[in-house]
1. Starting from region 178-197, take each residue that is closer than 16 Å to Lys118 by Cα and list its partners that are surrounded by 13 or more Cβ atoms within 10 Å (Cβ to Cβ) and among the charged types (D, E, K, R), counting only C-beta distances under 7 angstrom and pairs at least six apart or across chains.
2. Under 6 Å by Cβ, and 6 or more places apart or on different chains, what pairs join a residue from region 126-138 that is within 23 Å of Gly75 (Cα to Cα) with one that is assigned to a strand (DSSP E or B) and among the β-branched types (Val, Ile, Thr)?
3. Checking the conditions here, which among Glu205, Glu140 is surrounded by 15 or more Cβ atoms within 10 Å (Cβ to Cβ), in contact with a Lys or Arg (Cβ under 9 Å, 6 or more places away or on another chain), of a type in the set (D, E, K, R) and within 30 Å of Cys40 (Cβ to Cβ)?
4. Those residues that are within 21 Å of the chain's Cα centre (by Cα), within 24 Å of Arg63 (Cα to Cα) and surrounded by 16 or more Cβ atoms within 10 Å (Cβ to Cβ), I need them from region 89-121; list them, please.
5. Have a look at Val171, Val197 and point out the one that is of a type outside the set (Asp, Glu) and surrounded by fewer than 16 Cβ atoms within 10 Å (Cβ to Cβ).
6. Residues of region 119-173 being of a type in the set (Gly, Ala, Ser) and either in a strand (DSSP E or B) or within 19 Å of Lys88 (Cβ to Cβ) (or both), which ones?
7. Looking at (1) touching a residue at least 40 places away in the same chain (Cβ under 8 Å); (2) over 20 Å from Glu149 (Cβ atoms), which is the only condition Gly101 fails?
8. Which numbered condition in (1) at pLDDT below 60; (2) within 30 Å of the chain's Cα centre (by Cα); (3) hydroxyl-bearing (Ser, Thr, Tyr) is the only one that Ser78 fails?
Amino acid sequence: MSLIISLAQKTKPTYIGIMKLIFYFSTLFLTVSLFPSEKCTYSFQPKDTNLGFAAFKFTEKVRVEGKFDKFQVLGNPSGKDLVDFGRKVKFKIEVDSINTGNPERDGKIKKFFFGEMKKTSEITGYFRNIQLNSNSGNAELILKMNQQERTIPINFTLNDNQLSLKGTLDVLQWNAKNSLEALNKECHALHIGKDGVSKLWSEVEIFLTTTLLKTCK
């Protein structure tokens, strides 16, 4: 009799442990079934977006910043994450909306820079080869102007829903030498630096900041 009691006492904890394990997995199953994990998508908000650039004048390379006031993301792309969203984005920029804070300068850029290009009332673009590592990454930005399509490497960061993007392009890659020379000729005196040389650089920085709309269901 004492042997049977002893065995029962030894097996009792094992039985209780098994029951606890069954209860745990049953609860987990019900939680997953009744309350599935959220699925979130990202989408674009034009009103919370700033598309800017920085050109350079003088041999000492002084920045002249500006922005485009009118641009459009085509369609209504959305994605399950930033990479999926970015693959679907296609956009166009209206060059007449250039804004450097100086209307006279803006008019010269429109006429002598973009005006020298072929069919460039708009700049169009899209992204590819997007690589995301935690909250930063890189991609290729493909821009079309002067009937030429070229690739720019860009870097970006994502903090919560705040996306910042930047890159550098050389307008000569778009066969824009005539445009650059025409604008520098028109603004010759304004581009003379301390060394007495009139210089307008072909490199242009581009940057974008936006707040993505994150919707979870």
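1. Here the result reads Asn178/Glu116; Ser179/Glu116; Ala182/Glu116; Leu183/Lys108, each pair linking region 178-197 to a residue that is surrounded by 13 or more Cβ atoms within 10 Å (Cβ to Cβ) and among the charged types (D, E, K, R).
2. Tyr126/Ile142
3. Going through Glu205, Glu140 in turn, the sole match is Glu140.
4. Ile93, Val95, Ile98
5. Numbers: Val171 fails: surrounded by fewer than 16 Cβ atoms within 10 Å (Cβ to Cβ).
Residue meeting the stated conditions: Val197.
6. Gly125, Ser136, Gly137, Ala139, Ser164, Gly167
7. (1)
8. For Ser78, the exception is condition (1).
The values are calculated or read from the model by the stated rules, or taken from the named source; none is laboratory data. In this text, all values refer to a predicted model and were calculated from it rather than measured experimentally. Using ideal geometry, Cβ is built from the backbone for each residue, glycine included, and neighbour counts are taken over all protein chains shown.
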